[in-house]
Amino acid sequence: MLSVLALTSVVLLSLASQITAIVVYTSWEKHALVGSDVRLSCSFFSWHWTSPDVTFSWQYRPDGAKEGISIFHYGGGVAYVDNKGPFRDRLEFVGNPSRRDGSILIKELDFSDNGTFTCDAKNPPDIVGHSSSVRLLVFEKVPVQAGVVTGAIIGVVLGLLILIVAIYYLMRFLVARRVFSLSMSKHGKKGKGKEGTQQKQALAVADPVKLKAAASEKKKQESRREKK
Amino acid sequence: MLAILLATIVLHLTDLIILFISTCANAWRTDGVRNYHLWYDCTQKNGEADCSGTSDADWLQAVQALMVLATIFCLISFIFFLCQLFTLVKGGRFFFTAVFQVLASLFVMSGAIIYTVMSPEVKNDNDAYGYAFVLAWLAFPLTLISGFIYIVLRKKE
């Protein structure tokens, strides 16, 4: 049974690898401050095992330019960083190719680094696939996105409201349960009414937080008595 | 008794409507052909409105949040009022209704004050405050009065 399953899965995998391509993942956009470092992540999905000949290449296309230049290449187990272009001495390979991670780190950002970075990964024999791009936006001051502050304020206030209501009902429930169990254990059914109020009064004096709950319980008792 | 109840309900509904209009209408300031704040920046061009989003300023987002919260709290207090009208014991006070209404008035006050203090200076002669801004300032005393009425109001059979 197990061997049949293993055989089917191997056959399926070999079939699948011929109909699906390699899929490269990067972020969509990266926001960073001038002078800071940014890590551009790149990963891929492939049906094949990670080959020792896996390659990662990064390309940079400035905003407004038509063509891009190659700034990084990893192949044959060696990482080649930019030593002539705009990122010389600023680029560092921080990925782990055996874990399918081809991320790079760019240090000391400047406004001229705005642009699109394209990552292309190849996992032989799985070499057919689209590359993926990440846009880098460099800011002097990271802007507050529209609606973040609004949503935060509304969320916090409504959350506090729900929390206060929940605590209030919890307190009432706990007080009612404690009073009920005390009166039942000590005096039974006969002196329940009187002892109940006395217990409630003692509790009210002892714990000012439960005063409100006790007061509403008293009100209910009074209305019950009035009806009687 | 019925007259007081009706008047209170009318006042509360008026508050609710004023708050809704003030929050949703995009007319806190106008510049003749251009009306902007609280949500969009729209310019009238040959009968068409050319709109873009307002700046992402922190204070503007705070005003947006406070106005929305004031409207929500006024609505909650109205629902609470209708609930408490039927479930409250005789002689009881509309405590929760009053609390929410007063909170709504505080939020409207904060929003209107923040907007008044932080809104950009008058640029030309046509620049003026819009009707939504006036309604927001009007909503503050009305909701406060409504809240105080609920504090003193007692339920009678």
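The values are calculated or read from the model by the stated rules, or taken from the named source; none is laboratory data. These figures come from a predicted structure and were not determined experimentally. We place every Cβ from the backbone using ideal geometry, glycine too, and count neighbours over all the protein chains shown. Just so you know, the surface numbers come from the protein's heavy atoms only, side chains and all, with ligands and any DNA or RNA stripped out. Shrake-Rupley method; radii C 1.70, N 1.55, O 1.52, S 1.80 Å.
Checking A:Lys200, A:Lys186 one by one, the residue that is part of a helix (DSSP H, G or I), outside the structural domain of A:Tyr74 (by the TED database), surrounded by 12 or more Cβ atoms within 10 Å (Cβ to Cβ) and modelled with pLDDT under 90 is A:Lys200 and no other. Report yes if some residue within region A:83-99 is part of a strand (DSSP E or B), closer than 26 Å to A:Thr20 by Cβ and open to solvent by less than 50 Å² (accessible area, probe 1.4 Å); otherwise report no. There is no residue in region A:83-99 that is part of a strand (DSSP E or B), closer than 26 Å to A:Thr20 by Cβ and open to solvent by less than 50 Å² (accessible area, probe 1.4 Å).
For region B:45-81, the set of residues classified as in contact with a strand residue (DSSP E or B) (Cβ under 7 Å, 6 or more places away or on another chain) and among the polar types (S, T, N, Q) consists of B:Ser52, B:Thr54, listed by residue number.
If you go through region A:141-167 and keep only what is more than 10 Å from chain B (Cβ to nearest Cβ) and open to solvent by 50 Å² or more (accessible area, probe 1.4 Å), you end up with A:Lys141, A:Val142, A:Leu160, A:Ile162, A:Leu163, A:Ile164, A:Ala166, A:Ile167. For region B:58-67, the count of residues that are at pLDDT below 90 and either more than 12 Å from every other protein chain (Cβ to nearest Cβ) or open to solvent by 20 Å² or more (accessible area, probe 1.4 Å) (or both) is at least one.
Return yes or no: is A:Val134 surrounded by 14 or more Cβ atoms within 10 Å (Cβ to Cβ) and in a strand (DSSP E or B)? Taking the combined requirement at face value, the residue satisfies it. For region A:1-73, the strands (runs of 3 or more DSSP E) that sit wholly inside it and include 3 or more residues that are more than 25 Å from the chain's Cα centre (by Cα) and surrounded by 11 or more Cβ atoms within 10 Å (Cβ to Cβ) are A:55-62. Looking across B:Phe100, B:Phe95, one residue alone is within 11 Å of chain A (Cβ to nearest Cβ), open to solvent by 40 Å² or more (accessible area, probe 1.4 Å) and at pLDDT below 95. It is B:Phe95. Summed over region B:25-50, the residues that are without any contact (Cβ under 8 Å) to a residue 24 or more places away in the chain and either within 14 Å of chain A (Cβ to nearest Cβ) or open to solvent by less than 70 Å² (accessible area, probe 1.4 Å) (or both) give a count of 7. B:Val89 meets each of the listed conditions (1) within 11 Å of chain A (Cβ to nearest Cβ); (2) under 23 Å from the mean Cα position of the chain (by Cα) apart from (2). Applying the criterion of being assigned to a loop (DSSP other than H, G, I, E, B) and open to solvent by less than 30 Å² (accessible area, probe 1.4 Å) to the residues of region A:100-123, the residue that is farthest from A:His31 (Cα to Cα) is A:Gly102.
To keep it simple, each residue is scored yes or no on (1) under 20 Å from A:Leu136 (Cβ atoms); (2) at pLDDT 90 or above.
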{"position": "A:Gly35", "(1), (2)": "yes, no"}
{"position": "A:Cys42", "(1), (2)": "yes, yes"}
{"position": "A:Trp49", "(1), (2)": "no, no"}
{"position": "A:Phe72", "(1), (2)": "yes, yes"}
{"position": "A:Arg88", "(1), (2)": "yes, no"}
